[in-house]
Structure formats: structure tokens, C-alpha cells
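Engineer: Below are the C-alpha cells for one structure; questions will follow.
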Amino acid sequence: MLSDKRLAAFAAAIVAAAALTPSLTADDSVKIEHLGTNNTLVRVTGDGDILLMPVQESIDDAKVNVLVDGKNERTMFVRLAKSKVDYKVPFDLTPYKGHNVVLNIITNQSRANVREAKDDACWANFSVTDSFPTENTEKYRPAFHHTPLYGWMNDPNGMFYKDGVWHLYYQWNPYGSKWQNMTWGHSTSPDLVNWTHHPAAIEPDGLGTIFSGSSVVDRNNTSGFGKDAVIAFYTSADASQIQSMAHSSDNGMTFTKFAGNPVITLDSEARDPNMFWHQESGQWVLTLAHALDHEMLIFTSPDLRNWTLQSAFGKGLGCQDGVWECPDLFQLPVDGTDKKKWVLLCNINPGGPFGGSATQYFIGDFDGKTFKAETLADGTVPTKWLDYGKDHYATVSFSDAPDNRRTVIGWMSNWQYAAEVPTMQYRSANTLPREMGIFTGDDGQLYVSSAPSPEVDALRGKAVVNRSFTAKASAKKFNLPADNDGICEIALDIDTRTAKAVTLTLSNAQGEKSAITYNAAGHTLSMDRTQSGIVDFSQDFPAVTAAPVHNAGPISLRIFVDRSSIEVFEKDGRAVMTNLVFPTSPYTTLSVAADGGQAKVQNLRIYPLTPAAN
């Protein structure tokens, strides 16, 4: 396992490695032995710490068995380059110093003979090195959102807060920028915006790869692993999906897998265990996504080891499309009252309001065993969405957050095109951290709000614009901060008065634009990214998304613009939209225009945002 300092050095070669021109033969640090058209041995002969493996994303996965002194230490799947090298990925050799390391590689590429197989680009580009740089060289890597140092990332999972530190784990492929080899990556932060990367926390084993789950701090040692031990539950995914446990005595930096795994087994597909301590009943509660049955299963336990199935929720309710995944169940106060309600998050794919993946939720009551959703007057359970953009999924909360906060974070992408977005060194980022609440809408229904966490304010520099004005059909234009690629927060209040709508347009010199419109008559907030920049990598990417606004009258907006994303929050998170954008050059201008009349824009502020240390 790499130390944090070694991880930084280990992370140090992707930029240089990705730029290497394929050589005709492998260097002296490896020896290539072709056994047939689809089977090759790569013997490690060099003394470096890292084996660099060349990747071509358009190629099928090769099966790579890592043999250490003749024994199979692990199996991974890598898209080894056939005709060109897109980039290289590292394999850590430090645990095997002094041992013989051989990669037994089985490819799926079609070849007529061994001579043809020898021509694959990968064989000339394996090498052993001591460094692996991860400096940001990609124009679209976010400045103030969490991303992996390299490789593919999807669901956040296992998050908890302890001793002043936020721990974020995530679904990670260390060996390529497309989904595969699911592992728990790990980052920590003192403030939710500046992140330190750590070695992988939980890696695949004989039960399968490591899918999503959750972590808790066992303050009373109910599990027997020690007071304040961190207990993680995750899905082991191979031929079946089963639930496993691991424990940590060093605040989640390393985990030991439970010898009795798996802990929960079913005869049907289920995943993403999420657990918490239920004070009223004095027991642990775990929700589990019964994915294909479109329901959430609820288990209880006194000790985190022995679990009893108590109930199921969801069949026939809410959006029933796709699969149900990544549940989270928690209690929140209702704004302006002395009441509390329970919220059940249910992430689904596909079936989102604008296609692909999204997060729906239910509000109701929970007695320690059963969740019951609130209904409308006609007895139906309404479908409600946490975020009305296309790029907000797998939303789950940090356990043990301070001051009774319910802080969540999501995956900022969509399964429709996540593997095709125009990045390569890494793929995917997390959303901004958000604080959850419950409010009463104008229609009398309860809704969940999702507002930027207060720590985000620390990113602000001095406002470069601070104006109030009357918006008319002829747009007023303002420059975005030029010294950091237009990365900024835009905040303003809008009173539409006689106008039917007010549109805020972010644009660049190439004519690319993203338009955010508040429609007063329809009480909707929309975003059009059909001309936002690069949109042709997927037919599902060009889109107009719209969110209902649950209050009449003037509105307040906060808009966060990063290199490849726009997050829009209305009125303390009562309406939220998260969308990716890929302008060919940064947006430089904000235009504000009213349609059908005049509107009053007050307190327009544009703050440059200082890139975080991610």
C-alpha cells in the first residue's frame, strides 16, 4: 500500500507517460513473451516502483493476471493498446520488491497469427519507472470540484466525518478512464473543498469487485471491532451481488475485511448498503437497493454483524424505470415548524426527468422498521427529484456530520454518456457538497432543498461585478473573471415585474453559450446547453432541462461555473440543476436580458473562485 507521499510521487507520470511516442520494442525494464495470438507474458525486470501499462480506450478489455512468485496475486482488466496509445496507467510494484512479477495477459483482439499479435502497440510501451505525474493537463478538469487523480470515477460512497476530517470514498478504476475494476478510492478534506488523495481503501478480492456502500463510526463498539472503529459495508460484485463488511482502526485510512464475509446474501440482485444508528429503537438500520425489483429493503441489527430483514418499500411507487440504486434514509426538520420528517433517497438509472440517471426522493415517516411515504389528497405518492439537471446521480450523505448537518455529495455525470465525455486523463467529478432541508411549497406539499454547503463560500475572491439594474430586451453584458478561465460564482436577485422571463447567458468568442432562464408565468427555471460547446459525443448530451420553482415572486440565484460544469441553485436550494458543459474555450461573458417587459435585477455579484487543492 502506498503512503500519501508515495501516492503523490506514484501519481507523478500520467502527463509525461501519455505523451510518449510508441517505441518499436519495449525497454529493458520488461521482457515480452508471446505465447499465442491472444496470450502474452510481460515479465518485470526493472527495479522501479511503477509498471506503466499503455491504454487505448476504443479497445476491449484484456484480462491481466498478476503473478507474484508464480502465484496469482490479483486479476484486473485493462484496455491494452492495439493501434495507438491514448495514455498510460500505473500498477504499483512496491509491495512486491524482491519478488518475481509476471503479467499473464489474455486479450480479446482478433489476430490471424502470433506475428500480427506482436505488432500491437502495447508491447512496445510497457515500462518500469519511479514516477507518475498527475498535474492537471486537461482543459476540462474542474478547478473546485473533487476529481480522482487519474482514471474513472462514479458513485461517491462510504462517506463519514470524524475528528475534523471529511472522508470521501468513491467508485474508482485505477487502470483506465472507463468503468472497470471497481475499487474504493479515498480522499479526505478539512473543509469539503480542498481534497487530499490517498491510496485505494478497499480493493477487489475473491468475492468480486467493490461496489458502493456506506461507513459508520461505531462509537459504542457494538460490532466488537473496538470503540470508534470505522465500519464499512459494500457490495461484493461477481457472478452475484452480496454484501460484505470491513473495519478500520486508523480512521478509515486502511480497512481489514471481515473474515465472515459475505454478511448479507439474497437470491436476487441487491446492492449499495447504507446504514445508520437509529437512536429511538437502539439498533442499526441498513437500507439495500433491490435493484431490479424497484424497491428498497430495510434490515436491522444490534451489532452490524447479524441482520434481520424487516420490510420493503417502493414497489409501484415513484419512478419505476431502470434500476433502483444507492439508497439513503435520514431525518430532517421541516423549515418553519417543530416537526421532523424522514427522507429516502432513491437513485435510478435510467428514468430521470430528462433521460438517463437521476436522484428521486420520498418524504415520510420511519419507525425503526418500516418507511411509509406521504401521499397526496388522492392517495398517490408523488415522484419528486432532488436535482433537475442531467448530471447529478448517486447522491448520498456523510454519516456523523457535525452540528446535525445532513451533507450530501453526488456524482456529476450521467450513465448515458459518462464514458464518452471529452476527457481522458480522468473521467468524472463530484458535485459541490450540499446541505439538505425540507420546506413547504406554495402548493402545501413538502419538498427537499439542496443548498451549497457553507464551506463553499471560502472559495470566493473579491467581487469583480456588483450591480443592480433594470433588465430589458437589449442584453446587458458583464465580463467574467479572465485570470482564472471564467471560473466563478454568479449571485443575483430577480424581480420579473412586467417581464415574462429573464435569461442569463454564458458565452465565449466562438459563439458557444449556455442559457439559464427564469420563466415567471410558468414558475420554472431552465438551462439550455444545446450550443454550449462540444456536444456531439453523444446524442443524449444536447439538452434543455427545467426545474419547478416552488415559490411565487422574486427569486434569488447562485450559479457556480467551473471548467466543465454549471450548477444552479434557487432560493436556498429549493430548485437545483446540475449540467456538464464543454466549451472549446472558457466562457468570458454574462449577458442578462428580459423578455416581454422589464425586470429588476438586484445585487448581481460575480466572484472569481480560487481553484481548490484537489
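The values are calculated or read from the model by the stated rules, or taken from the named source; none is laboratory data. Quick caveat: nothing in here was measured; it's all calculated off a predicted structure. FYI the Cβ positions are ideal-geometry reconstructions off the backbone, even for glycines, and counts take in every protein chain you see.
Engineer: If Gln109 passes every condition in (1) crowded, with 22+ Cβ neighbours inside 10 Å; (2) over 23 Å from Gln425 (Cα atoms); (3) not aromatic (Phe, Trp, Tyr) but one, which one does it miss?
Structural biologist: (1)
Engineer: If you don't mind, another one. Look at Val561 and say whether it is part of a strand (DSSP E or B) and in contact (Cβ under 8 Å) with a residue 12 or more places away in the chain.
Structural biologist: Spelling it out, Val561 is indeed part of a strand (DSSP E or B) and in contact (Cβ under 8 Å) with a residue 12 or more places away in the chain.
Engineer: Something else now. Out of the residues in region 357-407 meeting the condition of being aliphatic (A, V, I, L, M), assigned to a loop (DSSP other than H, G, I, E, B) and touching a residue at least 12 places away in the same chain (Cβ under 8 Å), tell me which one is farthest from Ser212 (Cα to Cα).
Structural biologist: Residue satisfying both the conditions and the ranking: Leu376.
Engineer: Next question. Kindly indicate which of Asn221, Asn181, Asn251 is assigned to a loop (DSSP other than H, G, I, E, B), farther than 30 Å from Ala451 by Cα and in contact with a Lys or Arg (Cβ under 9 Å, 6 or more places away or on another chain).
Structural biologist: Of the residues listed, the single one that is assigned to a loop (DSSP other than H, G, I, E, B), farther than 30 Å from Ala451 by Cα and in contact with a Lys or Arg (Cβ under 9 Å, 6 or more places away or on another chain) is Asn221.
Engineer: Take the residues in region 324-354 that are without any contact (Cβ under 8 Å) to a residue 40 or more places away in the chain and part of a strand (DSSP E or B); name whichever of them is surrounded by the fewest Cβ atoms within 10 Å (Cβ to Cβ).
Structural biologist: By that ranking, first place goes to Lys340.
Engineer: Give me the pairs, please: first residue somewhere in region 24-38 and at pLDDT 90 or above, second residue anywhere and assigned to a loop (DSSP other than H, G, I, E, B) and of a type in the set (D, E, K, R), beta-carbon distance under 6 Å, and either six or more positions apart or on two chains.
Structural biologist: Thr37/Arg111
Engineer: From the list Ser449, Ser413, pick out the single residue that is surrounded by 22 or more Cβ atoms within 10 Å (Cβ to Cβ), over 13 Å from the mean Cα position of the chain (by Cα) and of a type outside the set (Val, Ile, Thr).
Structural biologist: Ser449
Engineer: Say whether the condition of being farther than 25 Å from Pro481 by Cβ, surrounded by fewer than 23 Cβ atoms within 10 Å (Cβ to Cβ) and either in contact with an Asp or Glu (Cβ under 9 Å, 6 or more places away or on another chain) or of a type in the set (Ser, Thr, Tyr) (or both) is met by at least one residue in region 580-593.
Structural biologist: no
Engineer: Within region 345-363, work out how many residues are within 20 Å of Leu286 (Cβ to Cβ) and over 19 Å from the mean Cα position of the chain (by Cα).
Structural biologist: 1
Engineer: Oh, and also: Looking at (1) more than 30 Å from Asp28 (Cα to Cα); (2) surrounded by fewer than 23 Cβ atoms within 10 Å (Cβ to Cβ); (3) without any contact (Cβ under 8 Å) to a residue 60 or more places away in the chain, find the lone condition where Asp163 falls short.
Structural biologist: (3)
Engineer: Could you list all residues from region 498-534 that are over 26 Å from Ala482 (Cα atoms) and either at pLDDT below 95 or not in a strand (DSSP E or B) (or both)?
Structural biologist: Thr498, Ala499, Lys500, Ala520, Ala521, Gly522, His523
Engineer: Taking the options Ile231, Ile242, name whichever one is within 20 Å of Leu329 (Cβ to Cβ) and in a strand (DSSP E or B).
Structural biologist: Ile231
Engineer: Just one of the numbered conditions (1) touching a Gly at 6+ places or on another chain (Cβ under 8 Å); (2) part of a strand (DSSP E or B); (3) of a type in the set (Gly, Ala, Ser) is not true of Ser556; which one?
Structural biologist: (1)
Engineer: Looking at this structure, is Ala200 closer than 17 Å to Gly158 by Cα, touching a residue at least 24 places away in the same chain (Cβ under 8 Å) and of a type in the set (Gly, Ala, Ser)?
Structural biologist: So Ala200 fits the description; yes.
Engineer: Here is a follow-up. Determine which single condition Leu80 fails, assuming it passes every other condition in (1) under 12 Å from Ile105 (Cβ atoms); (2) modelled with pLDDT under 95.
Structural biologist: With (1) under 12 Å from Ile105 (Cβ atoms); (2) modelled with pLDDT under 95 applied to Leu80, the lone miss is (2).
Engineer: Take the conditions of a type in the set (Val, Ile, Thr), in contact (Cβ under 8 Å) with a residue 24 or more places away in the chain and closer than 30 Å to Phe541 by Cβ and apply them to Thr440. Does it pass?
Structural biologist: Taking the combined requirement at face value, the residue does not satisfy it.
Engineer: Could you grab me the full set of residues in region 55-109 that are of a type outside the set (S, T, N, Q), in a loop (DSSP other than H, G, I, E, B) and in contact (Cβ under 8 Å) with a residue 40 or more places away in the chain?
Structural biologist: Listed by number, the residues that qualify are Glu57, Ile59, Asp60, Asp61, Arg79, Ala81, Lys82, Lys84, Val85, Asp86, Leu93.
Engineer: Now for a different question. When you go through (1) at pLDDT 95 or above; (2) within 30 Å of Val30 (Cα to Cα); (3) assigned to a loop (DSSP other than H, G, I, E, B) one by one for Ala112, which number turns out not to apply?
Structural biologist: Exception for Ala112: condition (1).
Engineer: While we're here: Within region 132-178, how many residues turn out to be part of a strand (DSSP E or B) and over 18 Å from Pro422 (Cα atoms)?
Structural biologist: 16
Engineer: Against the conditions (1) more than 22 Å from Asp572 (Cα to Cα); (2) at pLDDT 95 or above, where does Gly322 fall short? Just the number, please.
Structural biologist: Every listed condition holds for Gly322 apart from (2).
Engineer: For region 419-480, give me every one of the strands (runs of 3 or more DSSP E) that falls completely inside it and has 2 or more residues that are of a type in the set (A, V, I, L, M, F, W, C).
Structural biologist: 434-440, 446-452, 465-471
Engineer: A further question on this structure: Residue by residue through region 117-139, note down the ones that are surrounded by fewer than 16 Cβ atoms within 10 Å (Cβ to Cβ) and modelled with pLDDT of 90 or more.
Structural biologist: Passing the criteria: Lys118, Asp119, Asp130, Lys139.
Engineer: A follow-up question, please. Which numbered condition in (1) in a loop (DSSP other than H, G, I, E, B); (2) within 25 Å of His146 (Cβ to Cβ); (3) more than 23 Å from the chain's Cα centre (by Cα) is the only one that Gly573 fails?
Structural biologist: (3)
Engineer: Can I ask one more? Filter region 240-263 down to the residues that are touching a residue at least 12 places away in the same chain (Cβ under 8 Å) and of a type in the set (A, V, I, L, M), then identify the one that is farthest from Pro156 (Cα to Cα).
Structural biologist: Selected residue: Val263.
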